[in-house]
Amino acid sequence: MDILTVATTPFTDQRPGTSGLRKKVRRFQTPHYLENFVQALFDCLPQREGATLVLGGDGRHYNREAIGVILRMAAANGIGRILLGAGGLLSTPAVSNLIRRHRTRGGIILSASHNPGGPDGDFGIKFNIDNGGPAPEAFTEAVYARTREITEYRILESGEVPLDHPGEHTLGGMTVTIIDPVADYAALMETLLDFPRLRSLFDTGAFRMVYDAMHAVTGPYAIEILEHRLGAPADTVIHGTPLPDFGGGHPDPNLVHARELVQRLFQPAPRCPDFGAASDGDGDRNMILGCNFFVTPSDSLAVLAANLHRLPGYRTGLKGVARSLPTSRAVDRVAAALGVECYETPTGWKFFGNLLDAGRINLCGEESFGTGSDHLREKDGLWAVLCWLNLVAERQQSVAEIVREHWRNFGRDFYTRHDYEALDPDVARQLVDRLRDRLGTLPGRRFGDFTVASADEFAYTDPVDGSVSEHQGLRLLFHQEARLVVRLSGTGTEGATLRLYLEQYEPDIARHDADANDYLAPLIHAAGEILQVEALTGRSAPDVIT
Ligand code: G16
(Lines give C-alpha, C1' and ligand atoms only; values in the text may rest on other atoms or scores of the structure.)
Protein backbone atom coordinates (compact mmCIF):
# COMPACT_ATOMS: atom_id res chain seq x y z
CA MET A 1 0.00 0.00 0.00
CA ASP A 2 1.46 3.33 -1.04
CA ILE A 3 1.78 6.26 1.32
CA LEU A 4 0.49 9.46 -0.22
CA THR A 5 1.78 12.86 0.78
CA VAL A 6 -1.12 15.22 0.18
CA ALA A 7 -0.61 18.98 -0.17
CA THR A 8 -2.93 21.06 2.00
CA THR A 9 -3.43 24.55 3.37
CA PRO A 10 -4.22 25.52 6.98
CA PHE A 11 -7.68 26.12 8.42
CA THR A 12 -7.77 28.92 10.96
CA ASP A 13 -10.47 27.47 13.24
CA GLN A 14 -8.78 24.38 14.66
CA ARG A 15 -8.05 25.56 18.19
CA PRO A 16 -9.26 22.90 20.65
CA GLY A 17 -11.75 24.19 23.24
CA THR A 18 -12.66 22.96 26.73
CA SER A 19 -12.60 19.40 25.47
CA GLY A 20 -10.92 18.92 22.09
CA LEU A 21 -11.94 20.22 18.68
CA ARG A 22 -15.73 20.39 18.29
CA LYS A 23 -17.40 21.52 15.09
CA LYS A 24 -20.38 20.79 12.93
CA VAL A 25 -20.18 17.44 11.13
CA ARG A 26 -20.26 19.37 7.86
CA ARG A 27 -17.19 21.36 8.87
CA PHE A 28 -15.33 18.13 9.58
CA GLN A 29 -16.43 16.86 6.15
CA THR A 30 -14.73 19.78 4.42
CA PRO A 31 -11.95 18.23 2.31
CA HIS A 32 -8.69 17.96 4.33
CA TYR A 33 -10.27 19.36 7.53
CA LEU A 34 -10.06 16.19 9.62
CA GLU A 35 -6.78 15.18 7.97
CA ASN A 36 -5.07 18.49 8.79
CA PHE A 37 -5.98 18.24 12.45
CA VAL A 38 -4.95 14.60 12.73
CA GLN A 39 -1.62 15.27 11.01
CA ALA A 40 -0.97 18.20 13.37
CA LEU A 41 -1.72 15.88 16.26
CA PHE A 42 0.68 13.21 14.99
CA ASP A 43 3.33 15.86 14.35
CA CYS A 44 3.13 16.90 18.01
CA LEU A 45 3.15 13.37 19.41
CA PRO A 46 6.52 12.58 20.97
CA GLN A 47 8.12 9.22 20.05
CA ARG A 48 5.43 8.50 17.51
CA GLU A 49 7.32 5.79 15.60
CA GLY A 50 6.00 2.37 16.62
CA ALA A 51 3.72 3.82 19.33
CA THR A 52 0.47 2.20 20.41
CA LEU A 53 -2.67 4.34 20.54
CA VAL A 54 -6.27 3.67 21.56
CA LEU A 55 -8.99 4.77 19.12
CA GLY A 56 -12.77 4.87 19.38
CA GLY A 57 -15.77 7.13 19.44
CA ASP A 58 -19.34 7.49 20.60
CA GLY A 59 -20.84 6.15 17.38
CA ARG A 60 -22.22 9.44 16.15
CA HIS A 61 -22.63 10.31 12.48
CA TYR A 62 -19.20 10.38 10.72
CA ASN A 63 -17.61 8.18 13.43
CA ARG A 64 -16.89 5.26 11.12
CA GLU A 65 -15.66 7.41 8.23
CA ALA A 66 -13.36 9.38 10.53
CA ILE A 67 -11.96 6.16 11.98
CA GLY A 68 -11.17 4.93 8.47
CA VAL A 69 -9.23 8.14 7.73
CA ILE A 70 -7.40 8.14 11.07
CA LEU A 71 -6.37 4.49 10.69
CA ARG A 72 -4.90 5.15 7.23
CA MET A 73 -3.12 8.25 8.52
CA ALA A 74 -1.83 6.46 11.61
CA ALA A 75 -0.34 3.71 9.43
CA ALA A 76 1.26 6.31 7.16
CA ASN A 77 2.70 8.15 10.15
CA GLY A 78 4.54 5.19 11.64
CA ILE A 79 2.12 4.30 14.46
CA GLY A 80 2.83 0.69 15.43
CA ARG A 81 -0.48 -0.47 16.79
CA ILE A 82 -4.01 0.77 17.32
CA LEU A 83 -6.38 -0.65 19.92
CA LEU A 84 -9.79 -0.03 18.42
CA GLY A 85 -13.22 -0.61 19.96
CA ALA A 86 -15.33 -2.98 17.85
CA GLY A 87 -17.72 -1.05 15.64
CA GLY A 88 -15.54 2.01 16.24
CA LEU A 89 -17.18 2.38 19.66
CA LEU A 90 -15.49 3.26 22.92
CA SER A 91 -16.79 5.45 25.71
CA THR A 92 -14.48 8.22 26.91
CA PRO A 93 -13.91 6.54 30.31
CA ALA A 94 -13.23 3.23 28.53
CA VAL A 95 -10.54 4.92 26.42
CA SER A 96 -8.97 6.38 29.55
CA ASN A 97 -8.97 2.93 31.12
CA LEU A 98 -7.46 1.23 28.05
CA ILE A 99 -4.66 3.81 27.82
CA ARG A 100 -3.75 3.18 31.44
CA ARG A 101 -4.20 -0.57 31.43
CA HIS A 102 -2.26 -1.17 28.22
CA ARG A 103 0.22 1.65 28.86
CA THR A 104 -0.29 3.17 25.45
CA ARG A 105 1.14 6.49 24.28
CA GLY A 106 -2.37 7.95 24.36
CA GLY A 107 -5.72 7.73 22.66
CA ILE A 108 -7.94 9.49 20.16
CA ILE A 109 -11.60 9.94 21.09
CA LEU A 110 -14.17 10.86 18.47
CA SER A 111 -17.08 12.58 20.15
CA ALA A 112 -18.83 15.88 20.60
CA SER A 113 -19.96 14.60 23.99
CA HIS A 114 -23.47 15.79 24.86
CA ASN A 115 -23.93 17.82 21.66
CA PRO A 116 -26.52 16.54 19.14
CA GLY A 117 -25.42 14.23 16.34
CA GLY A 118 -26.56 13.36 12.82
CA PRO A 119 -25.56 14.97 9.50
CA ASP A 120 -26.50 18.44 10.78
CA GLY A 121 -25.18 17.82 14.27
CA ASP A 122 -21.76 18.05 15.85
CA PHE A 123 -18.58 16.02 15.72
CA GLY A 124 -15.40 16.22 17.71
CA ILE A 125 -11.93 14.85 18.17
CA LYS A 126 -9.93 14.80 21.34
CA PHE A 127 -6.50 13.46 22.27
CA ASN A 128 -5.74 11.89 25.64
CA ILE A 129 -2.17 11.48 26.84
CA ASP A 130 -0.45 8.49 28.43
CA ASN A 131 -1.90 9.06 31.90
CA GLY A 132 -5.34 8.48 30.32
CA GLY A 133 -6.46 12.08 30.69
CA PRO A 134 -7.21 14.90 28.25
CA ALA A 135 -4.08 16.48 26.81
CA PRO A 136 -3.02 19.55 28.78
CA GLU A 137 -3.21 23.02 27.28
CA ALA A 138 0.47 23.07 26.34
CA PHE A 139 -0.14 20.09 24.03
CA THR A 140 -3.42 21.31 22.54
CA GLU A 141 -1.91 24.73 21.90
CA ALA A 142 1.05 23.09 20.14
CA VAL A 143 -1.39 21.12 17.96
CA TYR A 144 -3.25 24.33 17.19
CA ALA A 145 -0.01 26.11 16.26
CA ARG A 146 0.84 23.21 13.96
CA THR A 147 -2.58 23.41 12.23
CA ARG A 148 -1.76 27.05 11.39
CA GLU A 149 1.36 26.13 9.40
CA ILE A 150 0.55 22.72 7.98
CA THR A 151 1.36 22.17 4.29
CA GLU A 152 0.91 18.42 3.84
CA TYR A 153 -0.36 15.24 5.45
CA ARG A 154 0.44 11.57 5.04
CA ILE A 155 -2.15 8.88 4.41
CA LEU A 156 -2.23 5.35 3.01
CA GLU A 157 -3.59 5.43 -0.50
CA SER A 158 -6.11 2.71 0.31
CA GLY A 159 -6.90 -0.02 2.79
CA GLU A 160 -9.40 -0.58 5.53
CA VAL A 161 -10.04 -2.99 8.37
CA PRO A 162 -13.38 -4.63 9.16
CA LEU A 163 -14.37 -2.47 12.14
CA ASP A 164 -16.90 -4.95 13.48
CA HIS A 165 -14.58 -7.98 13.61
CA PRO A 166 -12.61 -8.38 16.84
CA GLY A 167 -9.09 -9.68 16.40
CA GLU A 168 -5.78 -8.63 14.86
CA HIS A 169 -5.69 -6.94 11.46
CA THR A 170 -2.90 -5.38 9.47
CA LEU A 171 -3.00 -2.04 7.73
CA GLY A 172 0.20 -1.10 5.92
CA GLY A 173 2.90 -1.74 8.52
CA MET A 174 0.51 -1.17 11.44
CA THR A 175 -1.39 -3.67 13.57
CA VAL A 176 -5.01 -2.90 14.39
CA THR A 177 -6.34 -4.87 17.35
CA ILE A 178 -10.11 -4.72 17.49
CA ILE A 179 -11.35 -5.32 21.01
CA ASP A 180 -14.62 -5.72 22.87
CA PRO A 181 -15.28 -2.12 24.01
CA VAL A 182 -16.92 -3.18 27.27
CA ALA A 183 -14.83 -6.02 28.78
CA ASP A 184 -11.90 -4.13 30.36
CA TYR A 185 -14.16 -1.38 31.65
CA ALA A 186 -16.63 -3.77 33.26
CA ALA A 187 -13.75 -5.65 34.89
CA LEU A 188 -12.46 -2.38 36.35
CA MET A 189 -15.88 -1.56 37.83
CA GLU A 190 -15.92 -4.95 39.60
CA THR A 191 -12.70 -3.99 41.41
CA LEU A 192 -14.09 -0.66 42.66
CA LEU A 193 -17.64 -1.44 43.73
CA ASP A 194 -19.43 -4.04 45.79
CA PHE A 195 -20.95 -6.16 43.02
CA PRO A 196 -22.40 -8.85 45.36
CA ARG A 197 -24.23 -6.15 47.32
CA LEU A 198 -25.39 -4.50 44.12
CA ARG A 199 -26.72 -7.84 42.92
CA SER A 200 -28.65 -8.20 46.16
CA LEU A 201 -30.37 -4.92 45.38
CA PHE A 202 -31.97 -6.47 42.33
CA ASP A 203 -32.49 -9.98 43.82
CA THR A 204 -36.00 -9.56 45.11
CA GLY A 205 -37.35 -7.51 42.24
CA ALA A 206 -38.55 -4.85 44.69
CA PHE A 207 -35.94 -2.27 43.66
CA ARG A 208 -36.72 -0.63 40.35
CA MET A 209 -34.29 1.35 38.27
CA VAL A 210 -34.25 3.00 34.83
CA TYR A 211 -31.00 3.88 33.05
CA ASP A 212 -31.27 6.08 29.97
CA ALA A 213 -28.37 5.48 27.58
CA MET A 214 -29.85 8.12 25.23
CA HIS A 215 -29.04 5.99 22.17
CA ALA A 216 -25.42 6.85 22.80
CA VAL A 217 -22.30 4.87 23.62
CA THR A 218 -23.11 3.64 27.14
CA GLY A 219 -25.93 1.32 26.03
CA PRO A 220 -23.71 -1.77 25.64
CA TYR A 221 -21.79 -0.95 28.84
CA ALA A 222 -24.94 -0.47 30.91
CA ILE A 223 -26.65 -3.58 29.54
CA GLU A 224 -23.59 -5.71 30.29
CA ILE A 225 -23.00 -4.34 33.78
CA LEU A 226 -26.51 -3.62 35.07
CA GLU A 227 -28.53 -6.32 33.36
CA HIS A 228 -26.02 -9.13 32.75
CA ARG A 229 -23.62 -8.85 35.70
CA LEU A 230 -25.89 -7.32 38.35
CA GLY A 231 -29.14 -9.02 37.40
CA ALA A 232 -31.28 -5.92 36.85
CA PRO A 233 -34.39 -6.68 34.76
CA ALA A 234 -33.97 -6.69 30.99
CA ASP A 235 -35.84 -3.42 30.50
CA THR A 236 -33.71 -1.45 32.97
CA VAL A 237 -31.67 0.18 30.21
CA ILE A 238 -33.73 2.32 27.85
CA HIS A 239 -32.51 3.74 24.53
CA GLY A 240 -29.70 1.21 24.80
CA THR A 241 -28.71 0.93 21.14
CA PRO A 242 -26.10 3.46 20.00
CA LEU A 243 -27.40 5.29 16.91
CA PRO A 244 -25.54 7.76 14.66
CA ASP A 245 -28.15 10.47 15.32
CA PHE A 246 -28.92 9.38 18.92
CA GLY A 247 -32.44 8.61 17.76
CA GLY A 248 -32.97 12.29 17.00
CA GLY A 249 -32.39 13.14 20.67
CA HIS A 250 -29.90 15.40 22.36
CA PRO A 251 -27.62 13.09 24.39
CA ASP A 252 -27.25 15.47 27.30
CA PRO A 253 -28.25 13.90 30.61
CA ASN A 254 -30.13 16.74 32.25
CA LEU A 255 -33.71 17.46 33.24
CA VAL A 256 -34.45 19.05 29.87
CA HIS A 257 -33.04 16.50 27.43
CA ALA A 258 -33.58 13.19 29.26
CA ARG A 259 -37.31 13.83 29.02
CA GLU A 260 -38.65 10.27 29.06
CA LEU A 261 -36.50 9.31 32.02
CA VAL A 262 -37.57 12.39 33.93
CA GLN A 263 -41.24 11.68 33.21
CA ARG A 264 -40.85 8.16 34.57
CA LEU A 265 -39.11 9.30 37.73
CA PHE A 266 -41.42 12.19 38.45
CA GLN A 267 -44.79 10.56 39.02
CA PRO A 268 -46.75 9.37 42.05
CA ALA A 269 -44.67 7.12 44.31
CA PRO A 270 -46.20 3.69 43.63
CA ARG A 271 -45.49 3.97 39.91
CA CYS A 272 -42.22 5.80 40.23
CA PRO A 273 -38.97 3.76 40.06
CA ASP A 274 -36.53 4.00 42.98
CA PHE A 275 -33.58 5.11 40.93
CA GLY A 276 -33.01 6.81 37.60
CA ALA A 277 -29.82 7.70 35.78
CA ALA A 278 -28.58 8.80 32.39
CA SER A 279 -25.31 9.29 30.56
CA ASP A 280 -24.28 11.45 27.65
CA GLY A 281 -23.00 10.80 24.11
CA ASP A 282 -19.55 9.51 25.10
CA GLY A 283 -20.45 8.19 28.54
CA ASP A 284 -18.48 10.51 30.76
CA ARG A 285 -21.41 12.48 32.19
CA ASN A 286 -24.10 11.29 34.56
CA MET A 287 -27.40 12.43 36.00
CA ILE A 288 -28.73 10.84 39.18
CA LEU A 289 -32.44 10.81 40.03
CA GLY A 290 -34.45 9.30 42.84
CA CYS A 291 -38.21 8.89 42.92
CA ASN A 292 -39.40 12.49 42.42
CA PHE A 293 -35.92 13.73 43.24
CA PHE A 294 -33.11 15.32 41.22
CA VAL A 295 -29.56 15.29 42.58
CA THR A 296 -27.61 18.30 41.35
CA PRO A 297 -24.14 17.31 40.11
CA SER A 298 -22.62 19.54 42.78
CA ASP A 299 -24.57 17.76 45.52
CA SER A 300 -23.70 14.42 43.97
CA LEU A 301 -20.00 15.24 44.31
CA ALA A 302 -20.46 16.34 47.92
CA VAL A 303 -22.43 13.21 48.85
CA LEU A 304 -19.85 10.94 47.22
CA ALA A 305 -17.08 12.80 49.04
CA ALA A 306 -18.79 12.27 52.39
CA ASN A 307 -19.44 8.58 51.66
CA LEU A 308 -16.41 7.53 49.65
CA HIS A 309 -15.05 5.30 52.41
CA ARG A 310 -18.17 3.10 52.09
CA LEU A 311 -17.13 1.96 48.60
CA PRO A 312 -14.77 -1.02 48.37
CA GLY A 313 -12.30 0.69 46.05
CA TYR A 314 -11.92 3.65 48.43
CA ARG A 315 -11.89 2.19 51.93
CA THR A 316 -9.13 4.58 53.05
CA GLY A 317 -11.53 7.46 52.38
CA LEU A 318 -11.18 10.86 50.81
CA LYS A 319 -7.56 11.94 50.28
CA GLY A 320 -8.47 15.30 48.82
CA VAL A 321 -11.06 16.56 46.37
CA ALA A 322 -11.28 19.03 43.50
CA ARG A 323 -14.13 20.85 41.84
CA SER A 324 -14.26 23.27 38.94
CA LEU A 325 -14.83 26.94 39.74
CA PRO A 326 -18.54 27.00 38.82
CA THR A 327 -19.35 23.83 40.78
CA SER A 328 -21.12 24.65 44.05
CA ARG A 329 -19.21 24.83 47.27
CA ALA A 330 -21.12 21.93 48.83
CA VAL A 331 -18.08 19.68 48.55
CA ASP A 332 -15.87 22.29 50.21
CA ARG A 333 -17.93 21.83 53.38
CA VAL A 334 -17.34 18.08 53.33
CA ALA A 335 -13.61 18.53 52.75
CA ALA A 336 -13.41 21.00 55.62
CA ALA A 337 -15.25 18.62 57.95
CA LEU A 338 -12.95 15.75 56.98
CA GLY A 339 -9.84 17.92 57.18
CA VAL A 340 -8.73 17.30 53.59
CA GLU A 341 -7.77 19.72 50.84
CA CYS A 342 -10.39 20.97 48.36
CA TYR A 343 -8.95 22.39 45.12
CA GLU A 344 -10.81 24.86 42.90
CA THR A 345 -9.83 24.43 39.24
CA PRO A 346 -10.94 25.98 35.94
CA THR A 347 -13.69 24.28 33.94
CA GLY A 348 -12.29 21.30 32.01
CA TRP A 349 -11.39 17.82 33.14
CA LYS A 350 -7.77 18.29 32.05
CA PHE A 351 -7.16 20.46 35.12
CA PHE A 352 -7.73 17.49 37.45
CA GLY A 353 -5.02 15.33 35.84
CA ASN A 354 -2.00 16.62 37.74
CA LEU A 355 -3.82 16.56 41.08
CA LEU A 356 -4.87 12.93 40.50
CA ASP A 357 -1.42 11.89 39.25
CA ALA A 358 0.23 13.50 42.27
CA GLY A 359 -2.12 11.66 44.65
CA ARG A 360 -3.41 14.93 46.07
CA ILE A 361 -7.03 14.02 45.35
CA ASN A 362 -8.97 10.82 44.73
CA LEU A 363 -12.32 12.40 43.81
CA CYS A 364 -13.28 15.29 41.56
CA GLY A 365 -16.31 16.65 39.82
CA GLU A 366 -18.03 19.42 37.95
CA GLU A 367 -21.42 21.04 37.81
CA SER A 368 -21.67 19.93 34.19
CA PHE A 369 -22.74 16.42 35.23
CA GLY A 370 -19.20 15.05 35.52
CA THR A 371 -17.85 13.00 38.41
CA GLY A 372 -14.72 10.89 38.59
CA SER A 373 -12.00 9.47 40.79
CA ASP A 374 -8.41 8.34 40.60
CA HIS A 375 -9.49 5.11 38.89
CA LEU A 376 -9.23 6.99 35.56
CA ARG A 377 -8.26 10.38 34.25
CA GLU A 378 -11.68 11.15 32.76
CA LYS A 379 -15.04 11.70 34.30
CA ASP A 380 -17.01 8.51 34.32
CA GLY A 381 -20.80 8.42 33.99
CA LEU A 382 -21.56 4.78 34.63
CA TRP A 383 -19.07 4.61 37.51
CA ALA A 384 -20.91 7.47 39.22
CA VAL A 385 -24.21 5.65 38.73
CA LEU A 386 -22.75 2.47 40.24
CA CYS A 387 -21.34 4.45 43.18
CA TRP A 388 -24.80 5.84 43.90
CA LEU A 389 -26.38 2.40 43.60
CA ASN A 390 -23.74 1.08 45.96
CA LEU A 391 -24.62 3.78 48.50
CA VAL A 392 -28.34 3.09 48.19
CA ALA A 393 -27.68 -0.64 48.73
CA GLU A 394 -25.26 -0.14 51.60
CA ARG A 395 -27.17 2.57 53.47
CA GLN A 396 -30.57 1.03 52.77
CA GLN A 397 -31.89 4.50 52.08
CA SER A 398 -33.48 6.11 49.06
CA VAL A 399 -31.63 8.68 46.97
CA ALA A 400 -33.74 11.47 48.48
CA GLU A 401 -33.09 10.26 52.04
CA ILE A 402 -29.34 10.18 51.43
CA VAL A 403 -29.29 13.72 50.04
CA ARG A 404 -31.63 15.16 52.69
CA GLU A 405 -29.51 13.65 55.43
CA HIS A 406 -26.46 15.19 53.79
CA TRP A 407 -28.15 18.61 53.83
CA ARG A 408 -29.02 18.15 57.51
CA ASN A 409 -25.36 17.49 58.25
CA PHE A 410 -23.75 20.12 56.05
CA GLY A 411 -26.49 22.59 55.04
CA ARG A 412 -27.82 22.93 51.49
CA ASP A 413 -26.18 24.82 48.65
CA PHE A 414 -29.07 25.76 46.38
CA TYR A 415 -27.76 25.79 42.84
CA THR A 416 -28.80 26.52 39.29
CA ARG A 417 -27.14 27.19 35.93
CA HIS A 418 -28.66 29.43 33.27
CA ASP A 419 -27.43 29.02 29.67
CA TYR A 420 -28.00 31.55 26.90
CA GLU A 421 -27.13 29.68 23.73
CA ALA A 422 -26.14 30.68 20.19
CA LEU A 423 -25.53 34.32 21.08
CA ASP A 424 -23.72 36.63 18.73
CA PRO A 425 -20.10 36.03 19.87
CA ASP A 426 -19.32 39.76 19.85
CA VAL A 427 -22.31 40.54 22.04
CA ALA A 428 -21.44 37.73 24.47
CA ARG A 429 -17.84 38.90 24.67
CA GLN A 430 -18.93 42.50 25.26
CA LEU A 431 -21.20 41.39 28.09
CA VAL A 432 -18.35 39.59 29.81
CA ASP A 433 -15.84 42.38 29.09
CA ARG A 434 -18.24 44.93 30.50
CA LEU A 435 -18.56 42.99 33.76
CA ARG A 436 -14.80 42.42 33.92
CA ASP A 437 -14.20 46.15 33.59
CA ARG A 438 -16.56 46.85 36.50
CA LEU A 439 -15.27 44.16 38.88
CA GLY A 440 -13.24 46.61 40.96
CA THR A 441 -16.25 48.87 41.51
CA LEU A 442 -18.66 46.16 42.68
CA PRO A 443 -17.59 45.28 46.26
CA GLY A 444 -19.93 47.00 48.72
CA ARG A 445 -22.65 47.62 46.15
CA ARG A 446 -26.13 46.25 46.72
CA PHE A 447 -28.26 44.57 44.06
CA GLY A 448 -31.72 43.61 45.32
CA ASP A 449 -31.17 41.55 48.48
CA PHE A 450 -27.48 41.01 47.84
CA THR A 451 -24.34 42.97 48.65
CA VAL A 452 -21.15 42.17 46.77
CA ALA A 453 -18.37 41.08 49.12
CA SER A 454 -15.72 40.48 46.45
CA ALA A 455 -15.46 40.26 42.68
CA ASP A 456 -12.58 38.95 40.58
CA GLU A 457 -11.55 37.03 37.50
CA PHE A 458 -10.48 33.48 38.27
CA ALA A 459 -6.94 32.44 37.38
CA TYR A 460 -5.49 29.07 38.33
CA THR A 461 -1.95 28.15 39.21
CA ASP A 462 -1.54 24.40 39.01
CA PRO A 463 -0.03 23.43 42.36
CA VAL A 464 1.85 20.51 40.78
CA ASP A 465 3.56 22.00 37.72
CA GLY A 466 3.10 25.71 38.40
CA SER A 467 1.40 26.38 35.05
CA VAL A 468 -0.96 29.34 35.05
CA SER A 469 -4.36 29.48 33.32
CA GLU A 470 -5.92 32.93 33.20
CA HIS A 471 -9.36 34.30 32.29
CA GLN A 472 -11.24 31.28 33.61
CA GLY A 473 -14.45 32.99 34.68
CA LEU A 474 -15.73 35.99 36.62
CA ARG A 475 -16.88 35.37 40.18
CA LEU A 476 -18.87 37.52 42.53
CA LEU A 477 -19.24 36.59 46.18
CA PHE A 478 -22.06 38.15 48.17
CA HIS A 479 -22.27 38.71 51.92
CA GLN A 480 -25.47 36.63 51.94
CA GLU A 481 -23.48 33.36 51.42
CA ALA A 482 -24.30 33.52 47.74
CA ARG A 483 -22.16 33.40 44.62
CA LEU A 484 -22.47 34.22 40.93
CA VAL A 485 -20.02 32.89 38.35
CA VAL A 486 -20.08 34.05 34.75
CA ARG A 487 -18.19 32.52 31.83
CA LEU A 488 -18.50 31.64 28.18
CA SER A 489 -18.70 27.97 27.25
CA GLY A 490 -15.75 26.38 25.48
CA THR A 491 -17.70 23.50 23.95
CA GLY A 492 -20.41 25.06 21.78
CA THR A 493 -20.33 24.95 18.00
CA GLU A 494 -22.81 27.70 17.20
CA GLY A 495 -22.24 31.29 18.24
CA ALA A 496 -21.39 31.78 21.91
CA THR A 497 -23.01 30.28 24.99
CA LEU A 498 -23.14 32.42 28.10
CA ARG A 499 -23.32 30.51 31.36
CA LEU A 500 -24.47 31.99 34.66
CA TYR A 501 -23.93 29.80 37.70
CA LEU A 502 -25.90 30.81 40.78
CA GLU A 503 -25.78 29.39 44.28
CA GLN A 504 -26.74 30.26 47.82
CA TYR A 505 -26.07 28.44 51.05
CA GLU A 506 -28.92 27.62 53.43
CA PRO A 507 -28.10 26.14 56.84
CA ASP A 508 -31.73 26.18 58.09
CA ILE A 509 -33.18 22.65 57.78
CA ALA A 510 -36.72 24.07 57.68
CA ARG A 511 -35.92 25.65 54.30
CA HIS A 512 -34.13 22.71 52.66
CA ASP A 513 -37.15 21.44 50.78
CA ALA A 514 -37.76 24.70 48.91
CA ASP A 515 -37.80 24.57 45.13
CA ALA A 516 -34.35 25.65 43.89
CA ASN A 517 -35.70 28.13 41.37
CA ASP A 518 -38.04 29.71 43.90
CA TYR A 519 -35.31 29.86 46.49
CA LEU A 520 -32.83 31.39 44.08
CA ALA A 521 -35.27 33.83 42.44
CA PRO A 522 -33.94 36.89 44.34
CA LEU A 523 -30.35 35.98 43.38
CA ILE A 524 -31.37 35.41 39.77
CA HIS A 525 -33.00 38.82 39.82
CA ALA A 526 -29.86 40.42 41.26
CA ALA A 527 -27.73 38.73 38.59
CA GLY A 528 -30.02 40.18 35.91
CA GLU A 529 -29.53 43.62 37.38
CA ILE A 530 -25.74 43.24 37.49
CA LEU A 531 -25.30 41.74 34.02
CA GLN A 532 -28.13 43.39 32.07
CA VAL A 533 -28.41 40.22 29.98
CA GLU A 534 -31.77 41.14 28.51
CA ALA A 535 -30.76 44.68 27.58
CA LEU A 536 -27.52 43.52 25.97
CA THR A 537 -28.67 40.32 24.24
CA GLY A 538 -32.40 40.84 23.75
CA ARG A 539 -33.03 37.52 25.48
CA SER A 540 -35.63 37.60 28.22
CA ALA A 541 -34.93 34.09 29.53
CA PRO A 542 -32.21 31.46 29.36
CA ASP A 543 -32.47 28.65 26.79
CA VAL A 544 -31.58 25.91 29.24
CA ILE A 545 -31.80 25.85 33.02
CA THR A 546 -30.07 22.98 34.82
C1 G16 B 1 -16.55 19.21 28.75
C2 G16 B 1 -15.39 19.21 29.70
C3 G16 B 1 -15.88 19.51 31.08
C4 G16 B 1 -16.66 20.82 31.10
C5 G16 B 1 -17.79 20.74 30.09
C6 G16 B 1 -18.52 22.06 29.94
O7 G16 B 1 -17.38 18.13 29.04
O8 G16 B 1 -14.75 17.96 29.69
O9 G16 B 1 -14.77 19.59 31.91
O10 G16 B 1 -17.18 21.07 32.36
O11 G16 B 1 -17.28 20.41 28.82
O12 G16 B 1 -17.63 23.00 29.44
P13 G16 B 1 -18.12 24.41 28.93
O14 G16 B 1 -18.83 25.03 30.10
O15 G16 B 1 -16.87 25.12 28.53
O16 G16 B 1 -19.09 24.18 27.79
P17 G16 B 1 -17.85 17.14 27.91
O18 G16 B 1 -18.68 16.12 28.62
O19 G16 B 1 -18.63 18.01 26.96
O20 G16 B 1 -16.58 16.62 27.31
- Karplus-derived HN-Hα couplings along segment 479-486 (A = 6.51, B = -1.76, C = 1.60, θ = phi - 60°), whole Hz, x at Gly and Pro: 4, 7, 6, 10, 8, 10, 10, 10
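Give the shape of segment 3-181 as rounded, prolate or oblate, defined through the alpha-carbon gyration tensor: a ≥ b ≥ c are the square roots of its eigenvalues, a/c under 1.5 means rounded, and otherwise the shape is prolate if a/b is larger than b/c and oblate if not. Please list the in-between numbers first.
Values: a/c = 1.24, a/b = 1.14, b/c = 1.09.
It is rounded, given that a/c, with a ≥ b ≥ c, falls under 1.5.
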- Message: Quick check: at a probe of 1.4 Å, how many percent of the accessible area of segment 185-410 sits on carbon and sulfur atoms?
- Response: 48
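Just want to confirm a number: the relative contact order over the chain, from Cα pairs under 8 angstrom separated by 6+ residues, in percent. It would help to have the intermediate numbers written out before the result.
Values: 1256 pairs, mean separation 71.5, N = 546.
Relative CO of the chain lands at 13 percent.
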- Message: Apply the Karplus curve 6.51 cos²θ - 1.76 cosθ + 1.60, θ = phi - 60°, to the phi angles in segment 285-301 and return the couplings in whole Hz, x for Gly and Pro.
- Response: 9, 8, 10, 10, 10, x, 4, 6, 8, 10, 9, 5, x, 5, 5, 4, 4
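Share of segment 412-545's accessible area from carbon and sulfur, percent, 1.4 Å?
Details: 2740 of 6090 Å².
Using a 1.4 Å probe with all protein chains present, segment 412-545 comes out at 45 percent carbon and sulfur.
Which whole-number percent gives the relative contact order of segment 3-181, counting Cα pairs below 8 Å spaced six or more residues apart? Don't skip to the answer; put the middle values down first.
Details: 390 pairs, mean separation 62.0, N = 179.
With pairs under 8 Å counted, the relative contact order is 35 percent.
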- Task: For Ser467, enumerate residues with amide H under 5 Å from its amide H, sequence gap 5+ or separate chain, H modeled in the peptide plane.
- Result: Asp462
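Using a probe radius of 1.4 Å on heavy atoms only, what accessible surface per residue do you get for the chain? Whole Å² is fine.
Values: 20000 Å² over 546 residues.
Value for the chain: 37 Å² per residue.
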- Enumerate by residue number the trypsin sites (Lys or Arg not before Pro) in segment 137-172 meeting two conditions: DSSP loop (anything except H, G, I, E, B), and at most 16 other Cβ atoms within 10 Å of the site's Cβ. Arg148
- Note on the structure: A student applying the Cα gyration tensor rule (rounded when a/c is under 1.5; otherwise prolate if a/b is larger than b/c, oblate if not) would label the chain oblate
- Query: When only C-alpha pairs under 8 Å and at least 6 residues apart count, what is the relative contact order of segment 185-410, in percent?
  - Reply: 20
- Read phi for every residue in segment 421-430 and hand back ³J(HN,Hα) as whole Hz from Karplus 6.51 cos²θ - 1.76 cosθ + 1.60, θ = phi - 60°, with x for Gly and Pro. 9, 6, 7, 4, x, 5, 5, 4, 5, 4
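The values are calculated or read from the model by the stated rules, or taken from the named source; none is laboratory data. On a predicted model such as this, the values are computed, not experimentally measured, just so you know. So basically every Cβ, Gly included, is an ideal-geometry build from the backbone, and we count neighbours across all protein chains shown. Areas reflect the complete protein model, heavy atoms only, side chains present, ligands, DNA and RNA absent. Shrake-Rupley method; radii C 1.70, N 1.55, O 1.52, S 1.80 Å.
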